[in-house]
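Engineer: Got a structure for you, written out below as structure tokens; questions coming shortly.
The values are calculated or read from the model by the stated rules, or taken from the named source; none is laboratory data. These figures come from a predicted structure and were not determined experimentally. Using ideal geometry, Cβ is built from the backbone for each residue, glycine included, and neighbour counts are taken over all protein chains shown.
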Amino acid sequence: MCGFRVYPLTSIMRIARHASFGSRMEFDPEILVRAVWAGIPVVSMPTHVRYPSDGVSHFKMWRDNVRISWMHTRLFFGMLWRAPRLLRRRMQS
């Protein structure tokens, strides 16, 4: 939930037509999970990040934790019916 992200817009827009995403702290992990489910390769590249010492966090402890927990619950149950296809794809690669 930190770092610099670049998304392949065409692929992500295709996913967005069939799913809704949160607009806060739950967006990044959800879009990454759905990208993997769609077979979009996720590439990690190291980046240097510097946070200012007087920076302000936009994380709202209770609200964002509830939203992230709900996102995890939805993704878990979504993963259950995708599991056979995901395992088959993994075994083929």
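Engineer: Filter region 17-38 down to the residues that are at pLDDT below 90, more than 23 Å from residue 57 (Cα to Cα) and surrounded by 10 or more Cβ atoms within 10 Å (Cβ to Cβ) and list them by number.
Structural biologist: Hit for region 17-38 is 19, nothing else.
Engineer: Just to confirm my filter: which helices (runs of 4 or more DSSP H) fall fully inside region 1-92 and include at least 1 residues that are over 11 Å from the mean Cα position of the chain (by Cα) and among the hydroxyl-bearing types (Ser, Thr, Tyr)?
Structural biologist: Values: elements: 9-16, 27-37, 61-92.
Where helices (runs of 4 or more DSSP H) fall fully within region 1-92 and carry at least 1 residues being over 11 Å from the mean Cα position of the chain (by Cα) and among the hydroxyl-bearing types (Ser, Thr, Tyr), they are 9-16, 61-92.
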